[in-house]
1. Identify, from the list 45, 50, the residue that is open to solvent by less than 60 Å² (accessible area, probe 1.4 Å), outside any helix (DSSP H, G or I) and not polar (S, T, N, Q).
2. Look at region 338-370 and say how many of its residues are in a helix (DSSP H, G or I), of a type in the set (S, T, N, Q) and out of contact with any Gly (no Cβ under 6 Å at 6 or more places or on another chain).
3. Can you name the number of the only condition in (1) part of a helix (DSSP H, G or I); (2) at pLDDT below 90; (3) small (Gly, Ala, Ser) that residue 217 fails?
4. Exactly one of (1) over 30 Å from residue 127 (Cβ atoms); (2) of a type in the set (Phe, Trp, Tyr); (3) in a loop (DSSP other than H, G, I, E, B) is unmet by residue 24. Its number?
5. On the given criteria, is residue 61 part of a helix (DSSP H, G or I), of a type in the set (Val, Ile, Thr), over 28 Å from the mean Cα position of the chain (by Cα) and surrounded by fewer than 20 Cβ atoms within 10 Å (Cβ to Cβ)?
6. Criterion first (at negative phi, assigned to a helix (DSSP H, G or I) and open to solvent by less than 70 Å² (accessible area, probe 1.4 Å)) does residue 177 satisfy it?
7. Looking only at region 254-300, count how many residues are at pLDDT below 85, part of a helix (DSSP H, G or I) and among the β-branched types (Val, Ile, Thr).
8. Could we say that residue 87 is without any contact (Cβ under 8 Å) to a residue 24 or more places away in the chain and within 29 Å of residue 326 (Cα to Cα) here?
Amino acid sequence: FLGAGKPPMYGDYEAQRHWQEVTYNLPVRQWYFNTSDNNLLYWGLDYPPLTAYHSFACAYIAKLINPDWIALHTSRGYESQPHKLFMRTTVFVADMLVYIPAVILYCFSLKETSTKKKASVCALCILLYPGLILIDHGHFQYPCLGFALWAVLCLSYDWDLLGSIAFCLALNYKQMELYHSLPFFCYLLGKCFKKGLKGKGLVLLTKIAGTVVVSFAVCWLPFCTDMEQIMQVLRRLFPIDRGLFEACMFSSPPPRLANIWCSLSVLIKIKNIVSPQTQLKLSFAITFLSVLPTCIKLTVQPSLRGFKFALVSCALSFFLFSFQVHEKSILLVSVPVCLIINEIPFMATWFLLVSTFSMLPLLLKDGLLLPYAVTMLAFLSVCVASFSIFEKTSAEDLQLKPLSLSLKGYVAWFKSFPKTVRSLFLLSVTLMGVLSLTSAAVPPPQRLPDLFPVAVSVISCLHFLLFLVYFNIVILWDSRNSRSQKKIS
C-alpha cells in the first residue's frame, strides 16, 4: 500500500488506523479539533461523522484483539501482518454487508436481466471492476458507494423515503457523495412535480424533506452541542482555503490528475495567475453550467433511466471541473457507469477501462503493476464474453438513434459509425496498454521527469471530455424519458 514504512505519514493504511486511535481514545468533541492529543496535520479526520463512528466501531474490535494497535500516541506508524489482516478484514466485511449485496440485488432487479444467468453475469462484471478492487480495497477505503447503490436500488422500487435515508448515509460517510446529490435531488423533485404540488406531490416532498432532516440530525447529533463544533467539522470537510489543487496527491507541478484543471496546468500555470478565491468561483461556475442541462431535463422529465445516466454525467462534470478533486474521485463516476453496463455495455466497458488507467500513476506508486494488468485483462475479457460488446456498436446500441434521426442530412455517416467506434476503442486500448508498459519499464527523460504521468492524465482527461459529451447527448436526446415519466405520475 502507498506510503508503507515511510515516515512521517505512512500512507492510507496509517490514516485509517490513526482515525481508530483518535476516535477510541478521545472524546467526541475533540475528534475534529487540533489538540495536543490530536494533531490535525497528521491524518486529522476530514470525513463526515459516519466515517468517524465506523472508525470507532473498528477500534473497539481492535482493542479487544490487541490494544497496541490503537494506543494513543505510541501506535503511530504501527505496521504488522496481523494488523494489516485485521484492516483488510474490516474492508471485506463492510463490502460483504453493504456494497456486494447492493450490487447483486440491483442486477437481479433489472428488467433487462430477465434470467438469473444474465443477472449473475452483470453482477460479476460490476464486481470485477478493477478500480474498486485496486483503489478502494487496496487503500483501506470503506464502501460509502455501497450506501449510494442502496439508494438507487430503493428508488428503482419507488421506496423514496428509504432511498433518501440511504443517500443521506452515503453523504454523511464521505462528502464526495455530493457528486451524486443533484441527480437525487432533481429526480425526487421531478417526481413530486409530476404528482402535483397541491396534492400527493406536496405530501411526498414533505415526507422526503423530513426524512433528510431527521437523517442528518441523527448523524450529527453528538456534534450539535454548539455551533463551534458544527463549523469546525465543516471546515475539516471543505478546506477551500487550500486552493484548487489541494486534494491532488501529486500537487507538485505539473499535477498528475485527469481533470481539466490539472491538464490545462501543463500549458497554463493556473495556480500562479489565478487567486484561490477566483479559482473557487471559476470552478463553481463551470461545474454548475456543465450539470445544468442534465438537471433541468431530469427535473422536467423524471425517469429512472434518466436518473442513472444523470448520475454519470453530473459526477463526471464534478470530477472534470469542480474544486479539489482527488485521483480516486473518478470512482464516483465509475460506479454509476457500472449501473448502466447492461444498457450500453460497449461504452461502459470502455469508460471503466479508462477510469482505471487514469489512476495508473497512483497504482505504480503502490507497486500494483501486475494486479493492475491482471484485473484490467480479466475485466475486459469477462465484458467481451458476457456482453459481446463489439457486436453492440450501432447507433441504436449506443443510445444515439434519436440523435441520428435529428441529423437527417447526416444519416449516411452513421452507417459507418459502428466500424469507426470499434476502431477508436481498439486504438484507445492499445494506447493505454503501451503507455502503461512504458510508464512502468522505461525511465523518463531527465528534462521531463513527469512525462509519463502527465501523458496518462492528459490522455485520460481527453477521453473523459468525450465521454461527457456522449452521456449528455444520450440524456438530452432521449425521447424515452417522456414516455417513462407517465409511469411515474
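1. Numbers: 50 fails: outside any helix (DSSP H, G or I).
Going through 45, 50 in turn, just one is open to solvent by less than 60 Å² (accessible area, probe 1.4 Å), outside any helix (DSSP H, G or I) and not polar (S, T, N, Q): 45.
2. Keep residues of region 338-370 that are in a helix (DSSP H, G or I), which gives 338-339, 345-357, 360-365, 369-370.
Retained after the next criterion (residues that are of a type in the set (S, T, N, Q)): 349, 355-356.
Those left that are additionally out of contact with any Gly (no Cβ under 6 Å at 6 or more places or on another chain): 349.
Adding up the residues that qualify gives 1.
3. (2)
4. Looking at each condition in turn, residue 24 falls short on (3).
5. On the way: part of a helix (DSSP H, G or I): yes; of a type in the set (Val, Ile, Thr): yes; over 28 Å from the mean Cα position of the chain (by Cα): yes; surrounded by fewer than 20 Cβ atoms within 10 Å (Cβ to Cβ): yes.
Judged against the criteria, residue 61 is a match.
6. On the way: at negative phi: yes; assigned to a helix (DSSP H, G or I): yes; open to solvent by less than 70 Å² (accessible area, probe 1.4 Å): yes.
When the stated conditions are applied, residue 177 passes them.
7. Adding up the residues that qualify gives 3.
8. On the way: without any contact (Cβ under 8 Å) to a residue 24 or more places away in the chain: no; within 29 Å of residue 326 (Cα to Cα): yes.
Criteria not met by residue 87.
The values are calculated or read from the model by the stated rules, or taken from the named source; none is laboratory data. Small disclaimer: the values here were computed from a predicted structure and weren't measured. Backbone-built Cβ (ideal geometry, glycine too); neighbour counts: all protein chains shown. Quick note on the areas: whole protein, heavy atoms, side chains included, nothing else; ligands and nucleic acids left out. Shrake-Rupley method; radii C 1.70, N 1.55, O 1.52, S 1.80 Å.
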